[in-house]
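Chemist: Take this structure first; my questions come after.
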């Protein structure tokens, strides 16, 4: 699906549709200000990279995926699944209730669930890959040289980072401390091992050794 109506936001052309407006409102209500700014920047970075690299994609799916990817990342998170999967379920429900077909809703689920797993997300459909790129651009500087620095500065000025590194780290440490069972196979484990005293998560080695087979 190609959105026909667009608008300029921080110098970037993005779709202007009721679905996108609704996703922005959802993100604004669900996220702290620093996190709302992060998802907005992630969306804009994804949209601009798609434009610069001529990547055909469903612009609404990329918008919803990036805007809703962190709606469960907060100091109240209580599982039971990893925070990306919990957010993916909410995002897919949002998409389905908005009338999206199952394929588009599943692309949004994948975009959210894989947002912190670039070793997989970057090799999925264009929409999932773009969400991954936009998010990782903002978090770790992935493909930082692709977008002109003047444009990056304009986006950051419109949606300031507001101490994102520190605040996001606090959320990851909260998850590692309170829900370690959701972290054994994902990047939150790195924060637990480095920053949370007494942190211990299940090891894949333990799972293999405990498999209920004779050999």
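The values are calculated or read from the model by the stated rules, or taken from the named source; none is laboratory data. Owing to the predicted nature of the structure, the values given are computational and were not obtained by experimental measurement. Using ideal geometry, Cβ is built from the backbone for each residue, glycine included, and neighbour counts are taken over all protein chains shown.
Chemist: How many residues are buried (at least 18 other Cβ atoms within 10 Å of the Cβ) and not in a helix (DSSP H, G or I) when one looks only at the stretch 103-128?
Modeler: Qualifying residue count, the stretch 103-128: 3.
Chemist: Identify, from the list 27, 63, the residue that is closer than 21 Å to residue 124 by Cβ, crowded, with 21+ Cβ neighbours inside 10 Å and not assigned by TED's automatic domain parsing to the domain that holds residue 175.
Modeler: Residue meeting the stated conditions: 63.
Chemist: Counting residues that are modelled with pLDDT of 95 or more and over 22 Å from the mean Cα position of the chain (by Cα), which helices (runs of 4 or more DSSP H) fully inside the stretch 150-211 reach at least 1? Talk me through it step by step, then tell me what you get.
Modeler: Values: elements: 164-178, 188-195, 204-209.
Of the helices (runs of 4 or more DSSP H) lying wholly inside the stretch 150-211, those with at least 1 residues that are modelled with pLDDT of 95 or more and over 22 Å from the mean Cα position of the chain (by Cα) span 188-195.
Chemist: Let me ask something else. Could you say which residue among 130, 122, 195 is touching a helix residue (DSSP H, G or I) at 6+ places or on another chain (Cβ under 6 Å) and without any contact (Cβ under 8 Å) to a residue 12 or more places away in the chain?
Modeler: None of the others qualify; the one that does is 122.
Chemist: When the stretch 43-59 is examined, which residues are found to be under 17 Å from residue 8 (Cβ atoms) and in contact (Cβ under 8 Å) with a residue 40 or more places away in the chain?
Modeler: Within the stretch 43-59, 43, 44, 45, 46, 47, 48, 49, 50, 52, 59 qualify.
Chemist: Kindly indicate which of 86, 32, 97 is surrounded by fewer than 22 Cβ atoms within 10 Å (Cβ to Cβ), over 23 Å from residue 145 (Cα atoms), within 16 Å of the chain's Cα centre (by Cα) and without any contact (Cβ under 8 Å) to a residue 40 or more places away in the chain.
Modeler: Answer to the selection: 86.
Residues are listed down the side, and each one gets a yes or a no for (1) touching a residue at least 24 places away in the same chain (Cβ under 8 Å); (2) in contact with a helix residue (DSSP H, G or I) (Cβ under 8 Å, 6 or more places away or on another chain):
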{"residue": "116", "(1), (2)": "yes, yes"}
{"residue": "136", "(1), (2)": "no, yes"}
{"residue": "142", "(1), (2)": "yes, yes"}
{"residue": "149", "(1), (2)": "no, no"}
{"residue": "153", "(1), (2)": "no, no"}
{"residue": "160", "(1), (2)": "yes, yes"}
{"residue": "169", "(1), (2)": "yes, yes"}
{"residue": "191", "(1), (2)": "no, yes"}
